[in-house]
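Encoded as structure tokens, the structure appears first; notes follow it.
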Amino acid sequence: FLAGFGSLVQDVLWCFSQVKGTIDAGVTESDIISTVEFNHTGELLATGDKGGRVVIFQREQESKNQPHRRGEYNVYSTFQSHEPEFDYLKSLEIEEKINKIRWLPQQNAAYFLLSTNDKTVKLWKVSERDKRPEGYNLKDEDGRLRDPSMITVLRVPVLRPMDLMVEATPRRVFANAHTYHINSISVNSDYETYMSADDLRINLWNFEITNQSFNIVDIKPANMEELTEVITAAEFHPHHCNTFVYSSSKGTIRLCDMRTAALCDRHAKFFEEPEDPSNRSFFSEIISSISDVKFSHSGRYIMTRDYLTVKVWDLNMENRPIETYQVHDYLRSKLCSLYENDCIFDKFECVWNGSDSVIMTGSYNNFFRMFDRNTKRDVTLEASRENSKPRAILKPRKVCVGGKRRKDEISVDSLDFSKKILHTAWHPTENIIAVAATNNLYIFQDKVN
């Protein structure tokens, strides 16, 4: 990638690690990965699944024997973040599925991350322990209390080495603030606050206060019959702690400034692309709904993902995107069947690479797409166990729409819509990507010459 996108189109990535089992008929719903996130250094990678579990992978140190090969990611810690709950007042079951994970910058030896299900956000501390105290005065080595009358010598406890143990402990639980399902969490650049967004409201939290949050956006109408749109995603600006954006099911993006008012119902900027009347159809509103919104690392651009496209917006130009990339335009003729099997409501995410020059997002048949913003070249790759053996080079895939199909092409009619890449992540500084495919996590890196 760094040298250019040309080599990427021929032999893009090679897989150096595959984890989390294998896709087979025995996969349970709880094993399906629902979110993927690198930490700020890229040394850790966290995944959440529908069973409420968080699995953290750590990058191994580079081998001295093979210094040119970068370290692989291995399991570092696994813990149960959320449990299934039941709201007795509303007779609603609250799933344990992890909707989002967000890392906090590392301040000391421990790591901190936020995880959320539909209703509750939790702050977790992940720390290492490789020493244990021995030589207590009031307890024996088994932890049982000693008879005080038998204690004749005062001992000074000492720390003894022990096998490394990684502990995950919940430090804060932020609950009871959302009536609707939480779809986004975003850590502010001041690292003192974060926001959580559901379908109709966005709340601002302080990390030290769990029993109170500030409602900064509320689009709930007085009469719910007048509801025309819902919030689909929200994110803070990477550098300006007063600015954030949120997207809607109508395909619009609103940029808000918290300095103007406590309640940001009035946006500072409104991004919307006028619809071409000739393309108007029954599915127009559904496919225009934005499923993900991401600021670029520079803070200059916003990237949005709807059902068929990825768009890049300049913060200084609200009337139309500066770039539009077709992810799977060949599905336009399949919208009717995709509507019938509910696939048209799938929420695909999108990510930037570390330099904001390449965009990645997912598709069906375990395909994921990459777009180079400089050369305007793109590539389709497949994350599958058959095609992604360790150290193997990924070959670009092509979808045939009609007419004669070449040997290396796949027909649009034979795509598997049950295999979909919804969640991806890109290392913050290197060309390493993580792709979640059902219960499989694939980690790829660029080819090392």
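The values are calculated or read from the model by the stated rules, or taken from the named source; none is laboratory data. Everything numeric here is computed off the predicted structure, so don't read it as measured data. Cβ sites come from the backbone with ideal geometry, for glycine too, and all protein chains shown count toward neighbours. Surface areas here come from the heavy atoms of the whole protein model, side chains and all, with no ligands, DNA or RNA. Shrake-Rupley method; radii C 1.70, N 1.55, O 1.52, S 1.80 Å.
Points to keep in mind about this one:
- Checking each residue in segment 70-104 for being hydroxyl-bearing (Ser, Thr, Tyr), under 25 Å from residue 186 (Cα atoms) and open to solvent by 80 Å² or more (accessible area, probe 1.4 Å) picks out only 78.
- Scanning segment 229-276 for residues that are touching a residue at least 40 places away in the same chain (Cβ under 8 Å) and charged (D, E, K, R) turns up 235, 265, 269, 272, 273.
- Residue count for segment 27-61, restricted to those that are open to solvent by 20 Å² or more (accessible area, probe 1.4 Å) and of a type outside the set (D, E, K, R): 8
- Identity of the residue in segment 52-62, outside any strand (DSSP E or B) and either hydroxyl-bearing (Ser, Thr, Tyr) or more than 16 Å from the chain's Cα centre (by Cα) (or both), that ends up modelled with the highest pLDDT: 60
- Failed item, numbered, when residue 422 is tested on (1) open to solvent by less than 70 Å² (accessible area, probe 1.4 Å); (2) over 20 Å from residue 34 (Cβ atoms): (2)
- Positions within segment 119-143 being open to solvent by less than 40 Å² (accessible area, probe 1.4 Å) and hydrophobic (A, V, I, L, M, F, W, C), in sequence order: 121, 123, 124, 126
- Candidates 207, 295, 283: the one that is touching a residue at least 60 places away in the same chain (Cβ under 8 Å) and in contact with a Pro (Cβ under 7 Å, 6 or more places away or on another chain) is 295.
- Unmet criterion (only one of (1) touching a strand residue (DSSP E or B) at 6+ places or on another chain (Cβ under 9 Å); (2) of a type outside the set (Asp, Glu); (3) closer than 29 Å to residue 237 by Cα; (4) touching a residue at least 60 places away in the same chain (Cβ under 8 Å)) for residue 191: (1)
- Segment 368-412, residues that are surrounded by 14 or more Cβ atoms within 10 Å (Cβ to Cβ), over 30 Å from residue 322 (Cβ atoms) and of a type in the set (S, T, N, Q): 384, 387, 388
- Considering residues of segment 207-240 that are of a type in the set (D, E, K, R) and in a loop (DSSP other than H, G, I, E, B) only, the residue least open to solvent (accessible area, probe 1.4 Å): 229
- You will find that of 203, 279, the residue that is within 30 Å of residue 362 (Cα to Cα), open to solvent by less than 30 Å² (accessible area, probe 1.4 Å) and of a type in the set (S, T, N, Q) is 203 and no other.
- Pick from segment 437-449, criterion in a loop (DSSP other than H, G, I, E, B) and touching a residue at least 12 places away in the same chain (Cβ under 8 Å), ranking: farthest from the chain's Cα centre (by Cα): 448
- Near pairs, Cβ below 7 angstrom, 6+ apart or cross-chain, from segment 133-149 (in contact (Cβ under 8 Å) with a residue 12 or more places away in the chain and more than 20 Å from residue 163 (Cα to Cα)) to any residue that is open to solvent by 90 Å² or more (accessible area, probe 1.4 Å) and outside any loop (DSSP other than H, G, I, E, B): 138/145
- Residue 202 fulfils the conditions (1) in contact (Cβ under 8 Å) with a residue 40 or more places away in the chain; (2) under 22 Å from the mean Cα position of the chain (by Cα); (3) not in a strand (DSSP E or B) except for a single criterion, (3).
- Check on residue 270, exposed (fewer than 15 other Cβ atoms within 10 Å of the Cβ) and assigned to a strand (DSSP E or B): yes
- Candidates are the residues of segment 325-351 that are within 22 Å of the chain's Cα centre (by Cα) and more than 21 Å from residue 99 (Cβ to Cβ); the one that is most open to solvent (accessible area, probe 1.4 Å) is 326.
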